[in-house]
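J.: Provided herewith is a single structure, encoded as structure tokens, for subsequent inquiry.
The values are calculated or read from the model by the stated rules, or taken from the named source; none is laboratory data. All figures in this text were calculated on a predicted structure; none of them were measured in a lab. Please note: Cβ atoms are built from the backbone with ideal geometry, for glycine as well, and neighbour counts cover all protein chains shown. Heavy atoms of the whole protein, side chains included, go into the accessibility calculation; ligands, DNA and RNA do not. Shrake-Rupley method; radii C 1.70, N 1.55, O 1.52, S 1.80 Å.
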Number of protein chains: 2
Amino acid sequence: MKNIVDILARTPLFGGLPDDQLQAIRAIAVTRRFAKGEIVFFEGQPGSGFYVVMSGRIKIFKVSAEGKEQILHIFGPGEPFGEVPVFSGKPFPATAEAIEKSQLLFFPKRAFVDLTSATPSLALNMLAVLSLRLRQFTVQIENLSLKEVPGRLASYLIYLAAEQAAADTVELTISKGQLASLLGTIPETLSRMMAKMAAIGLIEVAGRTIRLLDRGALEDLARTGKLIGTDG
Amino acid sequence: MKNIVDILARTPLFGGLPDDQLQAIRAIAVTRRFAKGEIVFFEGQPGSGFYVVMSGRIKIFKVSAEGKEQILHIFGPGEPFGEVPVFSGKPFPATAEAIEKSQLLFFPKRAFVDLTSATPSLALNMLAVLSLRLRQFTVQIENLSLKEVPGRLASYLIYLAAEQAAADTVELTISKGQLASLLGTIPETLSRMMAKMAAIGLIEVAGRTIRLLDRGALEDLARTGKLIGTDG
């Protein structure tokens, strides 16, 4: 078993916190062991605390009305789980089961809330950690999205034009958040891509109305996926 | 100008907060207007507060010793910036300049810290918001990574075997975090991919030592990028 503070320092929740705060968090953690197949918590139970996996693997799943199991996540060493419902004061939205013999760190909600109240900079530092990571992930998603999303967006606009029997102006019928998810990216990246496509004269965006300025170039983009000035 | 609370509700920092907390955050916000080319803050200045873009566009950049400008981010409507240094108590690590006429909401650090101290559930709710978004982004990166990363990982392992003149056992000479970044993904996704490749009998992982169990299949994977059971 590695040093617990070392493991905490590498989790997305706590990585980058000063050492004294890592020690304080370590002090409220309780080690819990689970056999293969044992349930950690059930969907609907109050979120009494959250977990970090030390060893083993935890499956998070829901069971449909027809009894079908849907796996939402599988978490391994260093990964936290259950913290979203615990922080937001909601019951666990899914069931957690150990799919291997697992050792977990349990952080009781009461102790964690007391700790953040007593040490206001802890919550701020955790917000900094998560904000920074979110920003890094946004860049990562943008880099990964650049290969396919512009082509998919062009295809979608051409499809909309056909569906709306419009020559060059289409109306988005879904929100930008929904469109981002449909294209396999996030709203921030979609906005930047649309700004880029506008900057090179492919489209003009006014709220949910999009003018297709260069139909030929959009069709090329839909076919090849290459956005001039981005990939080529 | 849209309703400020509506805009706050759609930023990654505050989206999903209860309405009374959005109102409380709105109450400490100050509107600031910047002309095109105007500096919002300089690198090295103390982080006196953070911003959310209402309209316009903000460039975040550093200037190298040789005077070369490196753009780190460009933020547009709805996006927060400056919050990481402000939350972590550090000076601004880069300079922010309005590249269009811009309207920003400014959140003074002092008022924000007082608000989170007076309302402990605000910081917890913000942690829940950021955690949830981080989890969604992790899934997104995993989905985007599945197309290319297994092939790149297989190529890298084959390259390592040649470099280390090893028949079937290689030693990772960089950390998993560095390897993830080299392959264009994040550590969580890399771990899951390695677990999957181990589960289908391609490799065996023990710390930094990786045994290549099926060299032929790894070479196929490196060539085609198709991980059996993942893509096909």
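J.: Determine, from the Cβ-Cβ distance of A:Arg32 and A:Leu72 and an R0 of 22 Å, the FRET efficiency 1/(1 + (r/R0)^6), rounded to the nearest 0.05.
T.: E between A:Arg32 and A:Leu72, to the nearest 0.05, is 0.55.
J.: Across peptide A:115-123, how many C-beta atoms of other chains are within 10 Å of each residue C-beta, on average?
T.: 3
J.: Tell me the per residue accessible area of the protein assembly as shown using a 1.4 Å probe; a whole number in Å² is fine.
T.: 46
J.: Summed for both chains, how many Å² of accessible area, to the nearest 100, are buried between A and B with a 1.4 Å probe? Show your work: numbers first, answer last.
T.: Numbers: alone 12680 and 12650 Å², together 21420 Å².
Separately minus together, A and B give about 3900 Å² buried.
J.: Rg (Å, one decimal) plus Dmax (Å, integer) for the alpha carbons of chain A?
T.: Just the Cα atoms of chain A yield Rg and Dmax of 23.1, 65 Å.
J.: Could you tell me which of rounded, prolate or oblate describes the range A:146-224, using a ≥ b ≥ c as the square roots of the eigenvalues of the alpha-carbon gyration tensor, with rounded for a/c under 1.5 and, failing that, prolate when a/b is larger than b/c and oblate otherwise?
T.: In terms of gyration-tensor shape, rounded.
J.: May I ask you to order A:63-74, A:45-56 by the average number of other C-beta atoms within 10 Å around their residues, highest value first? Before the final figure, lay out each step's value.
T.: Values: A:63-74: 10.2, A:45-56: 19.2.
Output ranking for A:63-74, A:45-56: A:45-56, A:63-74.
J.: Shifting gears a bit: Please report the carbon-and-sulfur percent of the accessible area for the range A:146-224; probe 1.4 Å, protein heavy atoms only, DNA, RNA and ligands left out.
T.: It is 53 percent, rounded to a whole number.
J.: Can you work out the FRET efficiency for the pair A:Asp19 and A:Arg223, with r the C-beta to C-beta distance and R0 = 45 Å, to the nearest 0.05?
T.: Details: r = 55 Å, r/R0 = 1.21.
Computed FRET efficiency for A:Asp19 and A:Arg223: 0.25.
J.: Take every residue in peptide A:184-193, count the Cβ atoms of other chains within 10 Å of its Cβ, and give the average of those counts.
T.: For this peptide, the per-residue mean of nearby foreign Cβ atoms is 3.
J.: For the protein assembly as shown, what is the convex hull volume of its Cα atoms per residue in Å³? Don't jump to the answer; show the numbers that get you there.
T.: Details: hull volume 84.9 nm³, N = 464.
Convex hull of Cα atoms, per residue: 183 Å³.
J.: With the dipole of the range A:146-224 worked out from charges on the C-beta (+1 for Lys and Arg, -1 for Asp and Glu) around the Cα centre, which of A:Thr209, A:Leu160, A:Ser181 lies farthest toward the positive end?
T.: A:Ser181
J.: If you build the convex hull over the alpha carbons only and average its shadow over all orientations, what do you get for the range A:9-104? Give it in nm² to one decimal. Write out the running numbers ahead of the final one.
T.: Working: hull surface 24.9 nm².
Computing the convex hull of the Cα atoms and averaging its projections yields 6.2 nm².
J.: While we're on this one: Which lysines have a Cα less than 24 Å from the Cα of A:Lys59, not counting those fewer than 8 places away in the same chain?
T.: A:Lys2, A:Lys36, A:Lys68, A:Lys90, A:Lys101, A:Lys109, B:Lys147, B:Lys176, B:Lys196
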